[in-house]
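This report refers to the structure that appears directly beneath it.
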Amino acid sequence: MSELGTMVFGLVLILAAVGGAALVTWFERRLLGIWQDRYGPNRLGPFGVLQVAADMIKLLTKHDWVPPFSDKMVFIFAPTAIVVAMLLGFTVVPFGPDLYVIDLNIGLLFFLSMTSLAVYSVLLAGLASNNKYALLGGLRSAAQMVSYEVFMGLSLMGVVMLSGSFSLLDIVEAQRDQWFCIPQFLGLYVFLIAGVAESHRLPFDLPEAEHELTAGFHTEYGGMKFAMFMLGEYLGLILISCMIVTLFFGGWLGPWLPPLLWFCIKVFIVICFFILLRAAIPRPRYDQLMSLGWKYMLPLALFNLVVTAVIALAMQGQG
Amino acid sequence: MIEVLFYSASVIALLATILALTRSNAAHALIYLIVSLLAIAVLFFLMGAPFAAALEILIYAGAIMVLFVFVIMMLNLGEVGEAQERGWLSVKSWILPGIMAALLFIELLIALSISSEQTIALTSGVAVPPKEVAMSLFGPYVLAVEIASMLLLAGLVGAYHLGRRFIVRREGVHEGGDS
(Lines give C-alpha, C1' and ligand atoms only; values in the text may rest on other atoms or scores of the structure.)
Protein backbone atom coordinates (compact mmCIF):
# COMPACT_ATOMS: atom_id res chain seq x y z
CA MET A 1 0.00 0.00 0.00
CA SER A 2 1.11 3.57 -0.66
CA GLU A 3 1.82 5.91 2.23
CA LEU A 4 -1.41 7.79 1.69
CA GLY A 5 -3.36 4.54 1.48
CA THR A 6 -1.89 3.38 4.78
CA MET A 7 -2.78 6.68 6.41
CA VAL A 8 -6.37 6.52 5.17
CA PHE A 9 -6.63 2.90 6.25
CA GLY A 10 -5.25 3.78 9.68
CA LEU A 11 -7.87 6.48 10.07
CA VAL A 12 -10.66 4.16 8.94
CA LEU A 13 -9.32 1.52 11.34
CA ILE A 14 -9.46 3.91 14.31
CA LEU A 15 -13.03 4.94 13.45
CA ALA A 16 -14.06 1.32 12.88
CA ALA A 17 -12.48 0.14 16.14
CA VAL A 18 -14.09 2.90 18.22
CA GLY A 19 -17.41 2.47 16.45
CA GLY A 20 -17.17 -1.29 16.84
CA ALA A 21 -16.43 -0.93 20.56
CA ALA A 22 -19.52 1.27 20.94
CA LEU A 23 -21.66 -1.24 19.03
CA VAL A 24 -20.34 -4.14 21.11
CA THR A 25 -21.61 -2.44 24.29
CA TRP A 26 -25.13 -2.57 22.87
CA PHE A 27 -24.71 -6.00 21.31
CA GLU A 28 -23.37 -7.44 24.55
CA ARG A 29 -26.36 -6.21 26.51
CA ARG A 30 -28.79 -7.61 23.94
CA LEU A 31 -27.05 -10.98 23.86
CA LEU A 32 -26.82 -11.14 27.65
CA GLY A 33 -30.52 -10.35 27.69
CA ILE A 34 -31.33 -13.26 25.41
CA TRP A 35 -29.22 -15.69 27.42
CA GLN A 36 -30.68 -14.47 30.70
CA ASP A 37 -34.27 -14.64 29.47
CA ARG A 38 -34.96 -10.90 29.26
CA TYR A 39 -34.95 -8.23 26.54
CA GLY A 40 -32.01 -5.92 27.09
CA PRO A 41 -32.10 -2.43 25.55
CA ASN A 42 -34.72 -2.68 22.76
CA ARG A 43 -36.54 0.68 22.74
CA LEU A 44 -34.43 3.15 20.76
CA GLY A 45 -34.23 2.61 17.01
CA PRO A 46 -34.23 -0.78 15.28
CA PHE A 47 -33.51 -3.49 17.87
CA GLY A 48 -32.48 -0.76 20.30
CA VAL A 49 -29.26 0.00 18.46
CA LEU A 50 -29.62 3.74 19.10
CA GLN A 51 -29.14 3.01 22.79
CA VAL A 52 -25.43 3.50 22.01
CA ALA A 53 -26.10 7.08 20.89
CA ALA A 54 -28.25 7.72 23.95
CA ASP A 55 -25.52 6.45 26.25
CA MET A 56 -22.97 8.59 24.49
CA ILE A 57 -25.09 11.76 24.82
CA LYS A 58 -25.62 10.99 28.49
CA LEU A 59 -21.91 10.52 29.15
CA LEU A 60 -20.93 13.60 27.12
CA THR A 61 -23.31 15.91 28.96
CA LYS A 62 -22.33 14.71 32.42
CA HIS A 63 -20.28 16.97 34.64
CA ASP A 64 -16.61 16.26 33.93
CA TRP A 65 -15.51 16.23 37.54
CA VAL A 66 -11.96 15.93 38.86
CA PRO A 67 -11.97 15.19 42.60
CA PRO A 68 -10.11 17.91 44.53
CA PHE A 69 -8.26 15.31 46.63
CA SER A 70 -6.90 13.47 43.60
CA ASP A 71 -3.55 13.75 41.85
CA LYS A 72 -5.01 15.82 39.00
CA MET A 73 -2.45 15.37 36.24
CA VAL A 74 -2.27 11.60 36.65
CA PHE A 75 -6.02 11.37 37.18
CA ILE A 76 -6.69 12.94 33.78
CA PHE A 77 -3.89 11.07 32.02
CA ALA A 78 -4.87 7.59 33.21
CA PRO A 79 -7.98 6.92 31.07
CA THR A 80 -6.24 8.00 27.87
CA ALA A 81 -3.41 5.50 28.28
CA ILE A 82 -5.57 2.41 27.84
CA VAL A 83 -7.34 3.76 24.74
CA VAL A 84 -4.09 4.82 23.07
CA ALA A 85 -2.35 1.53 23.87
CA MET A 86 -5.25 -0.57 22.59
CA LEU A 87 -5.61 1.47 19.39
CA LEU A 88 -1.88 1.13 18.77
CA GLY A 89 -2.28 -2.62 19.20
CA PHE A 90 -4.62 -2.64 16.18
CA THR A 91 -1.86 -1.40 13.88
CA VAL A 92 -0.24 -4.83 13.55
CA VAL A 93 -3.46 -6.83 13.00
CA PRO A 94 -3.68 -8.03 9.38
CA PHE A 95 -7.30 -7.77 8.22
CA GLY A 96 -6.49 -9.16 4.79
CA PRO A 97 -3.52 -10.01 2.59
CA ASP A 98 -3.01 -6.28 1.88
CA LEU A 99 -5.12 -4.75 4.62
CA TYR A 100 -2.83 -3.76 7.45
CA VAL A 101 -1.26 -0.58 8.77
CA ILE A 102 2.21 -2.04 9.25
CA ASP A 103 3.77 -5.49 8.96
CA LEU A 104 6.37 -5.46 11.71
CA ASN A 105 8.78 -8.36 12.03
CA ILE A 106 8.13 -8.04 15.76
CA GLY A 107 4.34 -7.78 15.30
CA LEU A 108 3.46 -10.25 18.02
CA LEU A 109 5.82 -8.66 20.53
CA PHE A 110 4.39 -5.26 19.66
CA PHE A 111 0.90 -6.50 20.48
CA LEU A 112 2.11 -7.98 23.78
CA SER A 113 3.90 -4.78 24.75
CA MET A 114 0.84 -2.68 23.97
CA THR A 115 -1.38 -4.85 26.17
CA SER A 116 1.22 -4.63 28.93
CA LEU A 117 1.23 -0.83 28.67
CA ALA A 118 -2.53 -0.81 29.13
CA VAL A 119 -1.96 -1.90 32.75
CA TYR A 120 -0.78 1.61 33.58
CA SER A 121 -4.19 3.05 32.92
CA VAL A 122 -5.73 0.95 35.68
CA LEU A 123 -2.76 1.28 38.02
CA LEU A 124 -2.44 5.05 37.72
CA ALA A 125 -6.20 5.52 38.01
CA GLY A 126 -6.10 3.60 41.28
CA LEU A 127 -3.12 5.56 42.49
CA ALA A 128 -4.34 9.02 41.46
CA SER A 129 -7.87 8.65 42.79
CA ASN A 130 -6.63 8.77 46.39
CA ASN A 131 -9.42 6.47 47.45
CA LYS A 132 -9.25 3.15 49.31
CA TYR A 133 -11.42 1.20 46.91
CA ALA A 134 -9.66 2.57 43.87
CA LEU A 135 -6.27 1.76 45.37
CA LEU A 136 -7.30 -1.81 46.17
CA GLY A 137 -8.73 -2.22 42.68
CA GLY A 138 -5.55 -0.89 41.15
CA LEU A 139 -3.37 -3.18 43.26
CA ARG A 140 -5.43 -6.22 42.38
CA SER A 141 -5.39 -5.45 38.71
CA ALA A 142 -1.62 -4.92 38.76
CA ALA A 143 -1.09 -8.33 40.32
CA GLN A 144 -3.61 -9.95 38.00
CA MET A 145 -2.35 -8.43 34.79
CA VAL A 146 1.34 -8.90 35.50
CA SER A 147 0.87 -12.57 36.34
CA TYR A 148 -1.42 -13.31 33.40
CA GLU A 149 0.89 -11.46 31.03
CA VAL A 150 3.65 -13.96 31.79
CA PHE A 151 1.90 -16.95 30.32
CA MET A 152 0.01 -14.92 27.75
CA GLY A 153 3.40 -14.45 26.13
CA LEU A 154 4.46 -18.03 26.79
CA SER A 155 1.29 -19.51 25.29
CA LEU A 156 1.99 -17.73 22.00
CA MET A 157 5.52 -19.02 21.64
CA GLY A 158 4.21 -22.35 20.31
CA VAL A 159 2.58 -20.47 17.44
CA VAL A 160 5.83 -18.60 16.82
CA MET A 161 7.74 -21.88 16.78
CA LEU A 162 5.42 -23.49 14.24
CA SER A 163 5.35 -20.49 11.93
CA GLY A 164 8.96 -19.43 12.52
CA SER A 165 8.16 -15.73 12.68
CA PHE A 166 6.88 -12.93 14.91
CA SER A 167 5.26 -11.25 11.91
CA LEU A 168 1.48 -11.69 12.00
CA LEU A 169 1.29 -11.87 8.20
CA ASP A 170 3.69 -14.82 8.17
CA ILE A 171 1.76 -16.48 10.99
CA VAL A 172 -1.48 -16.29 9.00
CA GLU A 173 0.26 -17.55 5.85
CA ALA A 174 1.65 -20.50 7.82
CA GLN A 175 -1.92 -21.59 8.58
CA ARG A 176 -2.88 -22.26 4.95
CA ASP A 177 -2.90 -26.04 5.45
CA GLN A 178 -4.04 -26.21 9.04
CA TRP A 179 -5.26 -23.64 11.51
CA PHE A 180 -3.13 -23.43 14.64
CA CYS A 181 -6.15 -24.05 16.87
CA ILE A 182 -5.62 -27.79 16.31
CA PRO A 183 -1.88 -28.33 16.96
CA GLN A 184 -1.81 -25.45 19.47
CA PHE A 185 -4.98 -26.35 21.33
CA LEU A 186 -3.39 -25.84 24.74
CA GLY A 187 -1.89 -22.55 23.60
CA LEU A 188 -5.32 -21.37 22.48
CA TYR A 189 -6.87 -22.39 25.80
CA VAL A 190 -4.24 -20.57 27.86
CA PHE A 191 -4.28 -17.51 25.60
CA LEU A 192 -8.07 -17.30 25.79
CA ILE A 193 -8.06 -17.26 29.58
CA ALA A 194 -5.12 -14.86 29.72
CA GLY A 195 -6.91 -12.65 27.19
CA VAL A 196 -10.03 -12.47 29.34
CA ALA A 197 -7.89 -11.63 32.36
CA GLU A 198 -5.85 -9.02 30.48
CA SER A 199 -8.91 -7.15 29.28
CA HIS A 200 -10.46 -7.72 32.74
CA ARG A 201 -13.73 -8.95 31.35
CA LEU A 202 -16.39 -10.32 33.61
CA PRO A 203 -15.29 -13.68 34.92
CA PHE A 204 -11.98 -12.01 35.79
CA ASP A 205 -13.11 -8.44 36.45
CA LEU A 206 -11.82 -8.46 40.03
CA PRO A 207 -10.16 -5.03 39.69
CA GLU A 208 -13.65 -3.54 39.51
CA ALA A 209 -15.64 -6.16 41.42
CA GLU A 210 -18.66 -4.07 42.35
CA HIS A 211 -19.86 -6.23 45.22
CA GLU A 212 -16.71 -5.69 47.24
CA LEU A 213 -14.87 -2.67 45.80
CA THR A 214 -17.80 -0.43 44.70
CA ALA A 215 -16.29 0.05 41.24
CA GLY A 216 -12.61 -0.62 41.85
CA PHE A 217 -10.12 1.58 40.06
CA HIS A 218 -12.72 3.81 38.38
CA THR A 219 -14.75 4.57 41.52
CA GLU A 220 -13.93 8.29 41.27
CA TYR A 221 -14.37 8.54 37.52
CA GLY A 222 -17.46 9.86 35.76
CA GLY A 223 -18.61 11.29 32.46
CA MET A 224 -16.24 11.07 29.54
CA LYS A 225 -13.29 9.83 31.61
CA PHE A 226 -15.32 6.83 32.69
CA ALA A 227 -16.39 6.40 29.07
CA MET A 228 -12.71 6.27 28.08
CA PHE A 229 -12.17 3.35 30.46
CA MET A 230 -15.17 1.54 29.01
CA LEU A 231 -13.98 2.29 25.48
CA GLY A 232 -10.55 0.93 26.34
CA GLU A 233 -12.04 -2.22 27.80
CA TYR A 234 -14.17 -2.93 24.76
CA LEU A 235 -11.31 -2.06 22.41
CA GLY A 236 -9.29 -4.60 24.36
CA LEU A 237 -12.02 -7.19 23.89
CA ILE A 238 -12.06 -6.60 20.13
CA LEU A 239 -8.26 -6.59 19.93
CA ILE A 240 -7.96 -9.87 21.82
CA SER A 241 -10.61 -11.40 19.55
CA CYS A 242 -8.70 -10.18 16.48
CA MET A 243 -5.50 -11.71 17.84
CA ILE A 244 -7.17 -15.05 18.62
CA VAL A 245 -8.51 -15.17 15.07
CA THR A 246 -5.15 -14.17 13.57
CA LEU A 247 -3.05 -16.53 15.64
CA PHE A 248 -5.24 -19.60 15.96
CA PHE A 249 -8.10 -19.47 13.44
CA GLY A 250 -6.32 -18.64 10.23
CA GLY A 251 -6.91 -14.87 10.14
CA TRP A 252 -8.43 -13.89 6.83
CA LEU A 253 -8.04 -17.35 5.28
CA GLY A 254 -11.19 -19.07 4.07
CA PRO A 255 -12.88 -20.22 0.86
CA TRP A 256 -15.25 -18.26 -1.42
CA LEU A 257 -15.88 -15.12 0.62
CA PRO A 258 -13.51 -12.11 0.47
CA PRO A 259 -10.74 -12.15 3.11
CA LEU A 260 -11.98 -9.13 5.09
CA LEU A 261 -15.43 -10.69 5.43
CA TRP A 262 -13.94 -13.95 6.69
CA PHE A 263 -11.92 -12.05 9.25
CA CYS A 264 -14.96 -10.12 10.47
CA ILE A 265 -17.10 -13.27 10.72
CA LYS A 266 -14.48 -15.05 12.79
CA VAL A 267 -13.95 -12.05 15.06
CA PHE A 268 -17.70 -11.77 15.52
CA ILE A 269 -17.95 -15.41 16.61
CA VAL A 270 -15.10 -15.01 19.08
CA ILE A 271 -16.70 -11.87 20.55
CA CYS A 272 -19.97 -13.80 20.96
CA PHE A 273 -18.02 -16.48 22.80
CA PHE A 274 -16.51 -13.88 25.15
CA ILE A 275 -19.98 -12.53 25.91
CA LEU A 276 -21.22 -16.08 26.55
CA LEU A 277 -18.36 -16.51 29.03
CA ARG A 278 -19.57 -13.41 30.82
CA ALA A 279 -23.12 -14.70 30.94
CA ALA A 280 -22.25 -18.23 32.03
CA ILE A 281 -19.36 -18.15 34.50
CA PRO A 282 -19.39 -16.63 38.00
CA ARG A 283 -16.57 -14.48 39.27
CA PRO A 284 -13.84 -16.39 41.15
CA ARG A 285 -12.33 -15.21 44.40
CA TYR A 286 -9.11 -13.22 44.17
CA ASP A 287 -6.88 -15.95 45.59
CA GLN A 288 -8.53 -18.51 43.30
CA LEU A 289 -7.70 -16.29 40.35
CA MET A 290 -4.05 -16.01 41.32
CA SER A 291 -3.62 -19.71 42.10
CA LEU A 292 -5.34 -20.64 38.84
CA GLY A 293 -2.82 -18.47 37.05
CA TRP A 294 0.37 -19.62 38.71
CA LYS A 295 -0.46 -23.22 39.58
CA TYR A 296 -2.32 -24.37 36.48
CA MET A 297 -1.97 -21.92 33.60
CA LEU A 298 1.79 -21.35 33.83
CA PRO A 299 2.73 -25.08 33.95
CA LEU A 300 0.24 -25.73 31.14
CA ALA A 301 1.83 -23.03 28.99
CA LEU A 302 5.32 -24.38 29.71
CA PHE A 303 4.20 -27.94 28.94
CA ASN A 304 2.74 -26.77 25.64
CA LEU A 305 5.97 -24.95 24.87
CA VAL A 306 8.17 -28.00 25.53
CA VAL A 307 5.93 -30.43 23.61
CA THR A 308 5.69 -28.07 20.65
CA ALA A 309 9.45 -27.60 20.63
CA VAL A 310 10.05 -31.37 20.67
CA ILE A 311 7.57 -32.03 17.88
CA ALA A 312 8.84 -29.13 15.79
CA LEU A 313 12.39 -30.37 16.20
CA ALA A 314 11.45 -33.95 15.29
CA MET A 315 9.58 -32.80 12.20
CA GLN A 316 12.54 -30.66 11.17
CA GLY A 317 14.79 -33.71 11.56
CA GLN A 318 12.54 -35.74 9.24
CA GLY A 319 12.07 -33.07 6.60
CA MET B 1 11.99 12.62 8.42
CA ILE B 2 13.77 9.90 10.40
CA GLU B 3 16.23 12.47 11.77
CA VAL B 4 13.32 14.57 13.03
CA LEU B 5 11.83 11.53 14.75
CA PHE B 6 15.19 10.56 16.20
CA TYR B 7 15.97 13.96 17.65
CA SER B 8 12.48 14.55 18.99
CA ALA B 9 12.58 11.14 20.70
CA SER B 10 16.01 11.96 22.13
CA VAL B 11 14.80 15.30 23.47
CA ILE B 12 11.79 13.58 25.04
CA ALA B 13 14.03 10.93 26.59
CA LEU B 14 16.42 13.51 28.04
CA LEU B 15 13.67 15.77 29.37
CA ALA B 16 11.74 12.86 30.86
CA THR B 17 14.85 11.52 32.56
CA ILE B 18 15.70 14.91 34.06
CA LEU B 19 12.12 15.31 35.26
CA ALA B 20 12.17 11.76 36.67
CA LEU B 21 15.25 12.68 38.70
CA THR B 22 13.92 15.96 40.02
CA ARG B 23 10.31 15.11 40.92
CA SER B 24 9.67 14.79 44.63
CA ASN B 25 6.45 12.83 44.13
CA ALA B 26 7.50 9.21 43.60
CA ALA B 27 4.56 8.37 41.33
CA HIS B 28 5.26 11.32 39.03
CA ALA B 29 8.95 10.41 38.91
CA LEU B 30 8.02 6.88 37.84
CA ILE B 31 5.70 8.13 35.11
CA TYR B 32 8.50 10.26 33.69
CA LEU B 33 10.83 7.28 33.86
CA ILE B 34 8.30 5.21 31.89
CA VAL B 35 8.07 7.98 29.28
CA SER B 36 11.85 8.01 29.08
CA LEU B 37 11.93 4.23 28.54
CA LEU B 38 9.31 4.51 25.80
CA ALA B 39 11.34 7.24 24.09
CA ILE B 40 14.43 5.03 24.27
CA ALA B 41 12.42 2.21 22.69
CA VAL B 42 11.61 4.56 19.80
CA LEU B 43 15.33 5.31 19.47
CA PHE B 44 16.14 1.60 19.35
CA PHE B 45 13.51 1.12 16.67
CA LEU B 46 14.85 3.96 14.56
CA MET B 47 18.39 2.63 14.86
CA GLY B 48 17.34 -0.69 13.34
CA ALA B 49 16.90 -2.82 16.44
CA PRO B 50 13.15 -3.52 16.55
CA PHE B 51 13.61 -6.54 18.80
CA ALA B 52 15.44 -4.50 21.44
CA ALA B 53 12.73 -1.84 21.15
CA ALA B 54 9.96 -4.40 21.73
CA LEU B 55 11.76 -5.88 24.72
CA GLU B 56 12.39 -2.41 26.13
CA ILE B 57 8.65 -1.77 26.20
CA LEU B 58 7.62 -5.30 27.15
CA ILE B 59 10.12 -5.92 29.95
CA TYR B 60 11.15 -2.52 31.27
CA ALA B 61 8.08 -0.37 30.73
CA GLY B 62 5.54 -3.19 30.82
CA ALA B 63 6.74 -5.39 33.67
CA ILE B 64 9.50 -3.93 35.85
CA MET B 65 8.02 -0.44 36.05
CA VAL B 66 4.60 -1.93 36.83
CA LEU B 67 6.16 -3.60 39.86
CA PHE B 68 7.72 -0.27 40.88
CA VAL B 69 4.35 1.44 40.68
CA PHE B 70 2.89 -1.51 42.58
CA VAL B 71 5.34 -1.02 45.44
CA ILE B 72 4.66 2.73 45.52
CA MET B 73 0.95 1.98 45.78
CA MET B 74 1.51 -0.52 48.58
CA LEU B 75 3.61 1.96 50.59
CA ASN B 76 1.25 4.86 49.82
CA LEU B 77 3.71 7.42 51.17
CA GLY B 78 1.77 10.58 50.35
CA GLU B 79 2.78 13.95 51.77
CA VAL B 80 5.36 12.63 54.23
CA GLY B 81 7.30 10.83 51.53
CA GLU B 82 7.22 13.91 49.32
CA ALA B 83 8.65 16.10 52.09
CA GLN B 84 11.40 13.56 52.77
CA GLU B 85 12.21 13.34 49.08
CA ARG B 86 12.40 17.13 48.81
CA GLY B 87 14.98 17.11 51.60
CA TRP B 88 17.16 14.74 49.59
CA LEU B 89 17.01 16.96 46.54
CA SER B 90 19.09 19.76 48.07
CA VAL B 91 21.85 21.35 45.99
CA LYS B 92 24.51 19.85 48.25
CA SER B 93 23.52 16.29 47.46
CA TRP B 94 23.30 16.52 43.70
CA ILE B 95 26.18 18.87 42.86
CA LEU B 96 28.87 16.16 42.74
CA PRO B 97 26.90 13.63 40.67
CA GLY B 98 25.83 16.54 38.47
CA ILE B 99 29.45 17.48 37.73
CA MET B 100 30.35 13.86 36.98
CA ALA B 101 27.39 13.45 34.66
CA ALA B 102 28.28 16.70 32.90
CA LEU B 103 31.86 15.46 32.36
CA LEU B 104 30.54 12.21 30.91
CA PHE B 105 28.19 14.16 28.64
CA ILE B 106 31.09 16.31 27.36
CA GLU B 107 33.13 13.16 26.75
CA LEU B 108 30.23 11.66 24.83
CA LEU B 109 29.93 14.78 22.67
CA ILE B 110 33.65 14.71 21.91
CA ALA B 111 33.56 11.00 21.10
CA LEU B 112 30.58 11.54 18.80
CA SER B 113 32.21 14.44 16.97
CA ILE B 114 35.46 12.48 16.39
CA SER B 115 34.09 9.13 15.26
CA SER B 116 31.02 10.39 13.43
CA GLU B 117 31.72 8.27 10.36
CA GLN B 118 31.99 5.04 12.30
CA THR B 119 28.89 5.65 14.40
CA ILE B 120 26.89 6.46 11.30
CA ALA B 121 28.08 3.23 9.73
CA LEU B 122 26.95 1.37 12.83
CA THR B 123 23.45 2.80 12.89
CA SER B 124 22.57 3.44 9.28
CA GLY B 125 19.53 1.69 8.02
CA VAL B 126 20.44 -1.95 8.71
CA ALA B 127 17.58 -3.44 10.66
CA VAL B 128 18.34 -6.48 12.76
CA PRO B 129 15.41 -8.90 12.54
CA PRO B 130 14.48 -10.96 15.63
CA LYS B 131 15.71 -14.14 13.94
CA GLU B 132 19.26 -12.77 13.78
CA VAL B 133 19.13 -11.81 17.45
CA ALA B 134 18.09 -15.37 18.31
CA MET B 135 20.82 -16.82 16.08
CA SER B 136 23.53 -14.87 17.86
CA LEU B 137 22.02 -15.48 21.30
CA PHE B 138 22.00 -19.24 20.83
CA GLY B 139 25.09 -19.32 18.63
CA PRO B 140 28.27 -17.56 19.77
CA TYR B 141 26.75 -16.19 23.00
CA VAL B 142 25.03 -19.35 24.23
CA LEU B 143 27.33 -19.65 27.24
CA ALA B 144 26.48 -16.15 28.46
CA VAL B 145 22.77 -16.83 27.98
CA GLU B 146 23.01 -20.04 29.97
CA ILE B 147 24.98 -18.41 32.78
CA ALA B 148 22.46 -15.56 32.96
CA SER B 149 19.57 -18.01 33.11
CA MET B 150 21.34 -19.96 35.83
CA LEU B 151 21.78 -16.77 37.88
CA LEU B 152 18.15 -15.84 37.36
CA LEU B 153 17.07 -19.30 38.49
CA ALA B 154 19.17 -18.91 41.63
CA GLY B 155 17.53 -15.55 42.26
CA LEU B 156 14.08 -17.07 41.74
CA VAL B 157 14.76 -19.93 44.15
CA GLY B 158 16.15 -17.48 46.70
CA ALA B 159 13.11 -15.19 46.43
CA TYR B 160 10.81 -18.20 46.78
CA HIS B 161 12.68 -19.35 49.86
CA LEU B 162 12.44 -15.96 51.55
CA GLY B 163 8.78 -15.56 50.70
CA ARG B 164 7.92 -19.05 51.87
CA ARG B 165 9.46 -18.64 55.31
CA PHE B 166 7.43 -15.52 55.79
CA ILE B 167 4.16 -17.27 54.92
CA VAL B 168 4.86 -20.25 57.19
CA ARG B 169 5.48 -17.94 60.12
CA ARG B 170 2.28 -16.06 59.53
CA GLU B 171 0.24 -19.24 59.28
CA GLY B 172 1.73 -20.39 62.59
CA VAL B 173 0.58 -17.18 64.27
CA HIS B 174 -2.85 -17.52 62.70
CA GLU B 175 -3.28 -21.10 63.94
CA GLY B 176 -2.18 -20.07 67.42
CA GLY B 177 -4.85 -17.36 67.45
CA ASP B 178 -7.58 -19.77 66.38
CA SER B 179 -6.90 -22.41 69.01
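The values are calculated or read from the model by the stated rules, or taken from the named source; none is laboratory data. Just so it is clear, the model here is predicted, and its values are computed rather than measured. In this analysis, Cβ positions are derived from the backbone assuming ideal geometry, glycine residues included, and neighbour counts consider all displayed protein chains. Surface areas here come from the heavy atoms of the whole protein model, side chains and all, with no ligands, DNA or RNA. Shrake-Rupley method; radii C 1.70, N 1.55, O 1.52, S 1.80 Å.
Being part of a loop (DSSP other than H, G, I, E, B), over 22 Å from the mean Cα position of the chain (by Cα) and surrounded by fewer than 18 Cβ atoms within 10 Å (Cβ to Cβ) is true for just one of A:PRO68, A:PRO41. Which residue is that?
On the way: A:PRO41 fails: surrounded by fewer than 18 Cβ atoms within 10 Å (Cβ to Cβ).
Going through A:PRO68, A:PRO41 in turn, the sole match is A:PRO68.
Would region A:18-25 turn up any residue that is of a type in the set (Gly, Ala, Ser), under 24 Å from A:LEU239 (Cα atoms) and open to solvent by 40 Å² or more (accessible area, probe 1.4 Å)? Write out each step before concluding.
Narrowing region A:18-25 to residues of a type in the set (Gly, Ala, Ser): A:19-22.
Right, trim to under 24 Å from A:LEU239 (Cα atoms) and you get A:19-22.
From what is left, the residues that are open to solvent by 40 Å² or more (accessible area, probe 1.4 Å) are none.
Scanning region A:18-25 turns up no residue that is of a type in the set (Gly, Ala, Ser), under 24 Å from A:LEU239 (Cα atoms) and open to solvent by 40 Å² or more (accessible area, probe 1.4 Å).
Quick check on my filter: what residues within region A:80-107 are over 19 Å from A:LEU237 (Cβ atoms), open to solvent by less than 10 Å² (accessible area, probe 1.4 Å) and within 14 Å of chain B (Cβ to nearest Cβ)?
Within region A:80-107, A:ILE106, A:GLY107 qualify.
Does at least one position in region B:90-97 carry a residue that is out of contact with any Asp or Glu (no Cβ under 9 Å at 6 or more places or on another chain) and within 14 Å of chain A (Cβ to nearest Cβ)? Step through it out loud before you land on a result.
To start, the set of residues in region B:90-97 that are out of contact with any Asp or Glu (no Cβ under 9 Å at 6 or more places or on another chain) comprises B:90-97.
Right, trim to within 14 Å of chain A (Cβ to nearest Cβ) and you get none.
No - not one qualifying residue is present in region B:90-97.
Among the listed residues B:MET74, B:MET65, B:MET47, identify the single one that is open to solvent by 10 Å² or more (accessible area, probe 1.4 Å), more than 20 Å from A:ASN130 (Cβ to Cβ) and within 10 Å of chain A (Cβ to nearest Cβ).
Working: B:MET74 fails: more than 20 Å from A:ASN130 (Cβ to Cβ); B:MET47 fails: within 10 Å of chain A (Cβ to nearest Cβ).
From the options B:MET74, B:MET65, B:MET47, the qualifying one is B:MET65.
Which one of these is open to solvent by less than 10 Å² (accessible area, probe 1.4 Å), touching a Leu at 6+ places or on another chain (Cβ under 9 Å) and not aromatic (Phe, Trp, Tyr): A:LEU123, A:LEU139? Give the steps one after another, and end with the answer.
Working: A:LEU139 fails: open to solvent by less than 10 Å² (accessible area, probe 1.4 Å).
Among A:LEU123, A:LEU139, only A:LEU123 is open to solvent by less than 10 Å² (accessible area, probe 1.4 Å), touching a Leu at 6+ places or on another chain (Cβ under 9 Å) and not aromatic (Phe, Trp, Tyr).
Identify all residues within region A:126-136 that are open to solvent by less than 10 Å² (accessible area, probe 1.4 Å) and more than 8 Å from chain B (Cβ to nearest Cβ); write none if there are none.
Filtering region A:126-136 down to residues open to solvent by less than 10 Å² (accessible area, probe 1.4 Å) leaves A:126, A:128-129, A:134.
Answer for region A:126-136, where residues must be open to solvent by less than 10 Å² (accessible area, probe 1.4 Å) and more than 8 Å from chain B (Cβ to nearest Cβ): A:SER129, A:ALA134.
Can you give me the number of residues within region A:150-164 that are modelled with pLDDT of 85 or more and facing chain B (nearest Cβ under 9 Å)?
Selection size over region A:150-164: 1.
I'm trying to understand the selection: among the residues of region B:2-32, which are under 30 Å from B:GLN84 (Cβ atoms), away from chain A (no Cβ under 12 Å) and buried (at least 19 other Cβ atoms within 10 Å of the Cβ)?
Within region B:2-32, B:ALA13, B:ALA16 meet the criteria.
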